[in-house]
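Participant: Below are the structure tokens for one structure; questions will follow.
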Amino acid sequence: MAILTDRKSLREYDVIVVGSGAGGGMMAMLLSLGGAKVLMLEAGRNYDPIKETPMFNTPEQAPLRGKGTPDRFFGHYDATVGGGWQVPGEPYGDKQGTEEEFWWWRPRMLGGRTNHWGRISLRFGEYDFKPKSRDGLGYDWPISYADLAPFYDKTELMVGIYGSNEGLENTPDSPAGILQPPPKARAGELLAKKHCRGLNIPVIPIHRAVLSEPLNGPERAAKLFPDNPLARKLVGDDMTARAACFWATPCGRGCSIRANFQSTTVLLPPALASGNLDIITDAMVREVLVDASGKATGVHYVDKFTRVDSIAKAKIVIISASTCETARILLNSKSAKFPNGLANSSGHVGRNLTDSVGSSLSGHIPAMESLPPYNEDGAGGGHVYTPWWNYKNQEKLGFARGYHIEIGGGRGMPGIGSLGLLDTTSPGIYGRKLKDEARRYYGASMGFAGRGEMIPNENCYCEIDPDRVDQWGIPILRFHWKWSDHEINQATHMQNTFAEIISSMGGKATPRPGREALNKPGEIIHEAGTAIMGADAKSSVVNSFGQTWDVKNLFLMDASILPSNPDKNLTLTVLALAWRSSDYILGEMKRGNI
């Protein structure tokens with residue numbers, strides 16, 4: 001993609017979008033197609049997955065057979081080519097008194113987390129929008145499922161989602177004709193489904209943002225943009241250029257054939273083709289600028305190539321920098337009018353930080369030993385999953401919200417550690433016997449991972465560290481964290497459930513206590529809530545369109561605005577919210593209100 005704007009010839013734009021991931025990418029595409037002149041600023045480097053994705057590379061072609069390293073945590077072939085848990089020269093810290101170390105994943109690259117994510121795309125259900133009304137905890141959303149459902153429909157048509165409609169509680173179906181056919185379940189997944197049935201645990205096809213068949217671009221674009229001929233043409237042509245999945249490369253590497261969803265391959269191409277979008281990469285935003293009346297006028301950023309401070313101006317500013325980075329920018333945007341940070345009259349910026357509750361357990365399954373050789377590549381990740389099934393028993397469980405189960409195992413591409421089970425089953429052997437044992441045990445394990453809802457609490461937040469700055473001179477974040485009993489008890493339930501499933505499959509696994517079994521805060525990379533939406537300016541940062549209460553031409557659009565963090569992965573909902581917000585912004589611009 002030819003996308004790097006000449007930095008010496010910047011004009012004043014209608015809209016500045018900070019960030020290029022799910023929220024920023026969708027906003028930029030829709031606003032550009034709607035005729036607005038848009039400038040996108042991305043803190044990371046340019047990235048083109050069509051040219052850079054290692055599509056068919058095998059482990060032996062990579063250093064350490066592709067095993068993860070501190071600078072490539074998820075493996076040599078992972079799509080995160082810039083950034084990670086630690087970014088050189090850009091530290092963060094923990095506030096004194098915190099009970100847990102927070103892990104902050106920052107991909108410094110065009111497209112952000114959409115290049116790396118697992119593509120699991122689950123709609124939030126009716127219960128998820130009104131959790132406080134159900135159990136008295138956390139916050140209700142100022143909108144309902146019915147308000148967002150049309151935008152889920154549009155997003156799924158635009159992105160391309162495979163899956164099935166099962167009619168389960170709080171697990172919304174999609175209208176007919178939107179979902180693509182899911183791939184068949186693998187052998188281990190079928191075995192898990194068989195034994196989960198006896199435990200009254202559902203196992204169904206997962207919804208994932210991967211094309212299982214080619215798109216009819218003109219047909220879909222006509223449904224999405226009936227009144228916009230340019231958008232129909234650009235989006236229709238671009239959809240048609242996407243190929244269906246080869247079922248041969250893990251999605252976390254990116255996708256050069258554009259079968260899976262990435263902002264870089266699905267949202268940005270039609271936006272750029274409109275001629276209305278300019279992109280500057282390696283632009284580290286320091287603060288949002290405001291005039292004497294409190295209106296946003298643009299952003300102050302550091303050009304990482306030259307280390308020169310620069311300014312970009314626009315009529316509307318949209319921050320989509322990711323949950324914690326968005327809070328950081330707002331808190332650093334101080335002025336005489338906003339001494340506590342921009343859009344922070346409620347005091348909620350940086351507060352209510354959540355991440356998915358994560359815990360996992362795996363076990364050896366004797367029934368899966370010595371299986372005949374066959375190809376289990378498939379899509380990146382599991383083909384099936386378990387949605388939360390215990391709504392009617394929730395009050396008896398000792399925790400208020402549920403979790404879904406991601407199921408994995410079987411014969412994936414072998415790498416470092418794939419035959420680690422032999423250390424236990426076959427110690428001290430070598431030669432032909434070792435090869436026979438490797439064939440016997442390869443793939444004879446199944447793993448189960450829970451992804452659960454965390455309830456916001458006053459002990460989990462981020463704030464500006466008063467004593468430290470990064471290499472660009474920008475004050476950094478520090479984190480404070482404390483799990484509540486809800487999350488600890490939920491993780492205990494996960495462990496006991498996984499052990500029960502493994503036992504029913506004929507394996508053995510020892511569950512761990514919940515506190516020991518919890519993933520690190522931030523480790524699931526599903527942060528949300530640092531600038532929540534709400535019904536009024538006293539209890540929230542933005543309205544339901546992501547428009548800040550304090551600054552009418554400043555919008556936020558990423559998971560920072562989510563009042564709750566359900567057990568369903570966040571990306572699809574961020575995309576749908578961005579579509580709804582874009583329609584609102586275009587309407588307000590036409591009416592001259594912003």
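Participant: How long is the gain from residue 392 to residue 166 if the chain were fully straight, where each residue apart is worth 0.36 nm and the alpha carbon distance is subtracted?
Facilitator: 79.6 nm
Participant: For residue 228 and residue 246 in one chain, what is 0.36 nm times their gap in residues minus the Cα-Cα distance, to one decimal in nm?
Facilitator: In short, 3.2 nm is gained.
Participant: Further question: Spin-label point model (7 Å from Cα, Cβ direction): what's the residue 65 to residue 588 distance in nm?
Facilitator: With each label point 7 Å from Cα toward Cβ, the separation is 5.5 nm.
Participant: Here's something else I'd like to know. So how far, in whole Å, is the C-alpha centre of region 508-563 from the one of region 396-421?
Facilitator: Value for the Cα centre distance between the two parts: 25 Å.
Participant: Could you rank the peptides 55-61, 462-468, 553-559, 528-534 by their average count of other C-beta atoms within 10 Å per residue, with the highest value first?
Facilitator: 553-559, 528-534, 462-468, 55-61
Participant: Here is a follow-up. Can you give the % of DSSP beta bridges in the chain that are antiparallel, to the nearest 5?
Facilitator: 70 percent
Participant: Oh, and also: Going by amide H atoms built from the backbone, whose H comes under 5 Å of the H on residue 465, apart from near neighbours?
Facilitator: For residue 465, whose amide H was placed from the backbone, the distant partners under 5 Å are 476, 477, 478.
Participant: If you don't mind, there's one more thing I want to ask. Return the sequence-ordered ³J(HN,Hα) values of region 394-411 in whole Hz as given by the Karplus equation 6.51 cos²θ - 1.76 cosθ + 1.60 applied to θ = phi - 60°, using x for Gly and Pro.
Facilitator: 4, 5, 8, 8, x, 8, 8, 10, x, 8, 10, 10, 9, 10, x, x, x, 9
Participant: Same structure, new question: For a 20 Å ceiling on Cα separation, which of these pairs sit above it: 315/552; 37/590; 51/568; 295/334; 95/132; 313/538?
Facilitator: 51/568; 95/132; 313/538
Participant: Next question. Return the long-range amide H neighbours of residue 100 (sequence gap of 5 or more, or a different chain), with a cut-off of under 5 Å between placed amide H atoms.
Facilitator: Distant-sequence amide H within range of residue 100: 481.
Participant: Would you please classify the overall shape of region 151-263 from the alpha carbon gyration tensor, given that a ≥ b ≥ c denote the square roots of the eigenvalues, rounded means a/c under 1.5, and beyond that prolate means a/b larger than b/c while oblate covers the rest?
Facilitator: Oblate, since a/c reaches 1.5 and b/c is not below a/b.
Participant: While we're on this one: What is the calculated FRET efficiency for residue 340 to residue 429, with r their C-beta to C-beta distance and R₀ = 41 Å, to the nearest 0.05?
Facilitator: The formula returns an efficiency of 0.05 here.
Participant: Placing +1 on the Cβ of each Lys and Arg and -1 on the Cβ of each Asp and Glu in region 323-442, which of 389, 408, 343 has its Cα farthest towards the positive end of the resulting dipole?
Facilitator: 343
Participant: Using +1 at the Cβ of each Lys and Arg and -1 at the Cβ of each Asp and Glu in the chain, identify which of 225, 53, 26 lies farthest towards the dipole's positive end.
Facilitator: My answer, from the dipole projection, is 53.
Participant: I'd like the distance between the alpha-carbon centres of region 177-231 and region 134-153, rounded to an integer number of Å.
Facilitator: A separation of 23 Å, based on Cα centres.
Participant: OK, next. So what J values fall out for region 213-221 if you push phi through Karplus, 6.51 cos²θ - 1.76 cosθ + 1.60 with θ = phi - 60°, rounded to Hz, Gly and Pro as x?
Facilitator: 8, x, 8, 8, x, x, 5, 5, 5
Participant: Something else about it: Taking every Cα atom in the chain, find the radius of gyration and the maximum pairwise distance Dmax, and write them in Å.
Facilitator: Reported Rg and Dmax, both Å: 23.6, 79.
Participant: Within region 377-421, name every residue whose backbone N is under 18 Å away from a label modeled 7 Å from Cα of residue 369 along the Cβ vector.
Facilitator: The answer is 410-411, 419-421, whose backbone nitrogens lie closer than 18 Å to the label point.
Participant: Using the alpha-carbon atoms, what tilt in degrees (0 to 90, nearest 10) does helix 187-197 show relative to the longest principal axis of the chain?
Facilitator: Computed tilt is about 90 degrees.
Participant: Under a cut-off of 17 Å between alpha-carbon atoms, report the lysines in cross-link reach of residue 396, not counting same-chain residues fewer than 8 places apart.
Facilitator: Qualifying lysines at Cα under 17 Å: none.
Participant: With r defined as the distance between the Cβ atoms of residue 237 and residue 86 and R0 fixed at 30 Å, what FRET efficiency is calculated, to the nearest 0.05?
Facilitator: 0.15
Participant: Now for a separate question. Express in whole angstrom the spacing between the alpha-carbon centres of region 77-100 and region 47-61.
Facilitator: 25 Å
Participant: Continuing with this model, one more query. 5 Å is the cut-off here: which amide hydrogens, built 1.01 Å from N in the peptide plane, fall below it relative to residue 83, excluding neighbours closer than 5 in sequence?
Facilitator: Distant-sequence amide H within range of residue 83: 108.
Participant: Dipole size in debye (nearest 20) for the chain around its Cα centre, Lys and Arg Cβ +1, Asp and Glu Cβ -1?
Facilitator: Here the size comes out at about 740 debye.
Participant: Counting only heavy atoms of the protein chains, get the accessible area per residue of region 219-320 (1.4 Å probe) and round it to a whole Å² value.
Facilitator: Counting only protein heavy atoms, the per-residue value for region 219-320 is 36 Å².
Participant: How much FRET efficiency would the formula 1/(1 + (r/R0)^6) give for residue 295 and residue 147, where r is the Cβ-Cβ distance and R0 is 25 Å, rounded to 0.05?
Facilitator: That pair, residue 295 with residue 147, gives E of 0.35.
Participant: Within 10 Å, count the other beta carbons around each residue, average over each peptide in 494-500, 29-35, and list them highest first.
Facilitator: My ranking of the peptides, most packed first, is 29-35, 494-500.
Participant: Explain nothing, just the number: relative contact order of the chain, from Cα pairs under 8 Å at least 6 residues apart, as a whole percent.
Facilitator: 22 percent.
Participant: Let me ask you something else. Quick check on packing: order 192-201, 423-432 by the mean number of other C-beta atoms within 10 Å, highest mean leading.
Facilitator: 192-201, 423-432
Participant: How large is the helix-only mean residue ellipticity at 222 nm for the chain, computed as the sum of -39500 (n - 2.57) over DSSP H runs with n ≥ 4, divided by its residue count, in deg cm²/dmol to the nearest 500?
Facilitator: -7000 deg cm²/dmol
The values are calculated or read from the model by the stated rules, or taken from the named source; none is laboratory data. Computed from a predicted model, the values in this text were never measured in an experiment. Positions of Cβ are backbone-derived with ideal geometry, glycine not excepted, and every protein chain shown enters the neighbour counts. These accessible areas exclude ligands, DNA and RNA; they are computed on the full protein's heavy atoms, side chains included. Shrake-Rupley method; radii C 1.70, N 1.55, O 1.52, S 1.80 Å.
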